[in-house]
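The values are calculated or read from the model by the stated rules, or taken from the named source; none is laboratory data. Quick caveat, the model's predicted, so the values are computed rather than measured. Cβ: placed from backbone, ideal geometry, glycine included. Neighbour counts: every protein chain shown. Areas reflect the complete protein model, heavy atoms only, side chains present, ligands, DNA and RNA absent. Shrake-Rupley method; radii C 1.70, N 1.55, O 1.52, S 1.80 Å.
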Amino acid sequence: QKPASVGSLGCVEHNLNVRGPSSDYFSSSSDRGTNAWLDNAANMTQEERWDGKFVQLMFYKQTFGHCNVPLRLKRNSSLATWVNWQRESRKQGRLLHDRALRLSEMGFQWDWEQVKTSLWLLRYFELMKFRQDFGHCNVPRRWHEVKLGSWVSWSR
(Lines give C-alpha, C1' and ligand atoms only; values in the text may rest on other atoms or scores of the structure.)
Protein backbone atom coordinates (compact mmCIF):
# COMPACT_ATOMS: atom_id res chain seq x y z
CA GLN A 1 0.00 0.00 0.00
CA LYS A 2 1.35 3.36 -1.07
CA PRO A 3 1.33 6.14 1.52
CA ALA A 4 -1.26 8.89 1.29
CA SER A 5 -0.37 11.88 -0.85
CA VAL A 6 -1.95 15.25 -1.49
CA GLY A 7 -3.58 15.29 -4.89
CA SER A 8 -4.17 18.11 -7.35
CA LEU A 9 -7.38 19.15 -5.58
CA GLY A 10 -5.61 19.32 -2.22
CA CYS A 11 -7.20 16.15 -0.93
CA VAL A 12 -5.58 13.06 0.46
CA GLU A 13 -5.36 10.26 -2.08
CA HIS A 14 -4.68 6.66 -1.07
CA ASN A 15 -3.61 3.71 -3.17
CA LEU A 16 -6.16 1.28 -1.77
CA ASN A 17 -6.53 -1.03 -4.76
CA VAL A 18 -10.10 0.14 -5.22
CA ARG A 19 -12.11 0.07 -8.41
CA GLY A 20 -11.48 3.14 -10.52
CA PRO A 21 -14.09 5.60 -11.69
CA SER A 22 -16.46 4.07 -14.18
CA SER A 23 -20.19 3.79 -14.55
CA ASP A 24 -19.84 0.21 -13.28
CA TYR A 25 -18.30 1.59 -10.08
CA PHE A 26 -21.53 3.24 -9.02
CA SER A 27 -23.75 0.31 -9.92
CA SER A 28 -21.64 -2.24 -8.07
CA SER A 29 -22.72 -3.72 -4.79
CA SER A 30 -21.51 -2.09 -1.61
CA ASP A 31 -19.22 -5.02 -0.75
CA ARG A 32 -16.73 -4.14 -3.49
CA GLY A 33 -14.18 -1.42 -4.17
CA THR A 34 -14.27 1.93 -2.44
CA ASN A 35 -17.67 1.23 -0.94
CA ALA A 36 -16.25 -1.71 1.02
CA TRP A 37 -13.43 0.48 2.26
CA LEU A 38 -15.91 3.15 3.34
CA ASP A 39 -18.22 0.61 4.94
CA ASN A 40 -15.38 -0.15 7.36
CA ALA A 41 -16.12 3.22 8.99
CA ALA A 42 -16.02 1.85 12.54
CA ASN A 43 -12.23 1.67 12.30
CA MET A 44 -11.86 5.15 10.81
CA THR A 45 -11.63 8.62 12.27
CA GLN A 46 -14.20 11.24 11.36
CA GLU A 47 -11.59 12.89 9.10
CA GLU A 48 -10.90 9.60 7.30
CA ARG A 49 -14.63 9.02 6.75
CA TRP A 50 -15.02 12.55 5.36
CA ASP A 51 -12.00 12.04 3.09
CA GLY A 52 -13.47 8.74 1.92
CA LYS A 53 -16.75 10.38 0.93
CA PHE A 54 -14.80 13.19 -0.73
CA VAL A 55 -12.91 10.61 -2.83
CA GLN A 56 -16.24 8.96 -3.72
CA LEU A 57 -17.52 12.35 -4.83
CA MET A 58 -14.39 12.86 -6.95
CA PHE A 59 -15.06 9.51 -8.66
CA TYR A 60 -18.70 10.48 -9.14
CA LYS A 61 -17.74 13.82 -10.70
CA GLN A 62 -15.18 12.18 -12.97
CA THR A 63 -17.84 9.72 -14.12
CA PHE A 64 -20.87 12.02 -14.42
CA GLY A 65 -19.28 15.47 -14.84
CA HIS A 66 -20.89 17.11 -11.79
CA CYS A 67 -21.20 16.82 -8.02
CA ASN A 68 -25.01 16.80 -7.82
CA VAL A 69 -25.64 13.25 -6.63
CA PRO A 70 -29.37 12.46 -6.91
CA LEU A 71 -31.08 11.22 -3.75
CA ARG A 72 -33.58 9.08 -5.64
CA LEU A 73 -30.98 6.50 -6.74
CA LYS A 74 -30.50 3.94 -3.98
CA ARG A 75 -27.01 2.99 -5.14
CA ASN A 76 -25.82 6.54 -4.39
CA SER A 77 -28.07 7.37 -1.43
CA SER A 78 -25.24 7.46 1.10
CA LEU A 79 -23.15 9.80 -1.05
CA ALA A 80 -26.18 11.96 -1.91
CA THR A 81 -27.03 12.31 1.77
CA TRP A 82 -23.41 13.28 2.49
CA VAL A 83 -23.46 15.89 -0.32
CA ASN A 84 -26.67 17.44 1.02
CA TRP A 85 -25.22 17.40 4.53
CA GLN A 86 -22.19 19.37 3.30
CA ARG A 87 -24.50 22.03 1.83
CA GLU A 88 -26.53 22.23 5.02
CA SER A 89 -23.44 22.29 7.25
CA ARG A 90 -21.93 25.18 5.29
CA LYS A 91 -25.22 27.06 5.35
CA GLN A 92 -25.30 26.75 9.15
CA GLY A 93 -21.62 27.70 9.49
CA ARG A 94 -20.58 24.25 10.76
CA LEU A 95 -18.47 23.06 7.80
CA LEU A 96 -14.73 23.44 8.33
CA HIS A 97 -13.20 26.05 6.03
CA ASP A 98 -10.64 23.66 4.50
CA ARG A 99 -13.41 21.17 3.64
CA ALA A 100 -15.53 23.88 2.04
CA LEU A 101 -12.50 25.02 0.06
CA ARG A 102 -11.74 21.49 -1.18
CA LEU A 103 -15.35 21.04 -2.29
CA SER A 104 -15.41 24.46 -3.96
CA GLU A 105 -12.20 23.70 -5.85
CA MET A 106 -13.89 20.59 -7.23
CA GLY A 107 -16.77 22.67 -8.61
CA PHE A 108 -19.24 21.84 -5.84
CA GLN A 109 -22.42 23.91 -6.12
CA TRP A 110 -23.46 25.14 -2.69
CA ASP A 111 -26.83 26.68 -3.44
CA TRP A 112 -29.58 24.16 -4.24
CA GLU A 113 -31.39 26.78 -6.35
CA GLN A 114 -28.19 27.16 -8.37
CA VAL A 115 -28.06 23.38 -8.80
CA LYS A 116 -31.66 23.27 -10.04
CA THR A 117 -30.98 26.14 -12.46
CA SER A 118 -27.84 24.41 -13.75
CA LEU A 119 -29.74 21.18 -14.33
CA TRP A 120 -32.55 23.04 -16.10
CA LEU A 121 -30.06 24.80 -18.37
CA LEU A 122 -28.30 21.51 -19.11
CA ARG A 123 -31.57 19.91 -20.23
CA TYR A 124 -32.50 23.03 -22.21
CA PHE A 125 -29.25 22.90 -24.17
CA GLU A 126 -29.73 19.16 -24.73
CA LEU A 127 -33.19 19.96 -26.10
CA MET A 128 -31.74 22.62 -28.43
CA LYS A 129 -29.23 20.03 -29.70
CA PHE A 130 -32.08 17.56 -30.24
CA ARG A 131 -34.02 20.21 -32.19
CA GLN A 132 -30.98 20.99 -34.30
CA ASP A 133 -30.53 17.29 -35.09
CA PHE A 134 -34.19 16.35 -35.67
CA GLY A 135 -36.01 19.61 -36.50
CA HIS A 136 -38.51 19.37 -33.63
CA CYS A 137 -38.72 19.23 -29.82
CA ASN A 138 -40.96 16.18 -29.48
CA VAL A 139 -38.50 14.05 -27.53
CA PRO A 140 -39.93 10.60 -26.85
CA ARG A 141 -40.23 9.90 -23.13
CA ARG A 142 -38.19 6.72 -23.62
CA TRP A 143 -35.50 8.44 -25.71
CA HIS A 144 -32.03 6.93 -25.28
CA GLU A 145 -31.18 10.12 -23.41
CA VAL A 146 -33.68 9.15 -20.71
CA LYS A 147 -33.20 12.28 -18.65
CA LEU A 148 -33.98 14.55 -21.59
CA GLY A 149 -37.11 12.60 -22.52
CA SER A 150 -38.35 12.62 -18.94
CA TRP A 151 -37.52 16.32 -18.52
CA VAL A 152 -39.39 17.32 -21.67
CA SER A 153 -42.39 15.21 -20.67
CA TRP A 154 -42.38 16.67 -17.14
CA SER A 155 -41.93 20.25 -18.44
CA ARG A 156 -45.04 20.08 -20.61
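Ligands, DNA and RNA left out, the 1.4 Å accessible surface of segment 32-155 is 54% carbon and sulfur atoms. Per residue, the accessible area of segment 67-156 comes to 70 Å², computed with a 1.4 Å probe over protein heavy atoms only.
Distance between the pseudo-spin-label points of residue 134 and residue 42 (7 Å out from Cα toward the beta carbon): 5.2 nm. Beyond 28 Å in Cα-Cα separation lie the following of the pairs 74/147; 61/91; 91/129: 91/129.
If you place +1 on the Cβ of every Lys and Arg, -1 on the Cβ of every Asp and Glu, and leave all else neutral, what size is the dipole of segment 49-156 about its Cα centre, to the nearest 20 Debye?
Charge dipole of segment 49-156: 380 debye, to the nearest 20.
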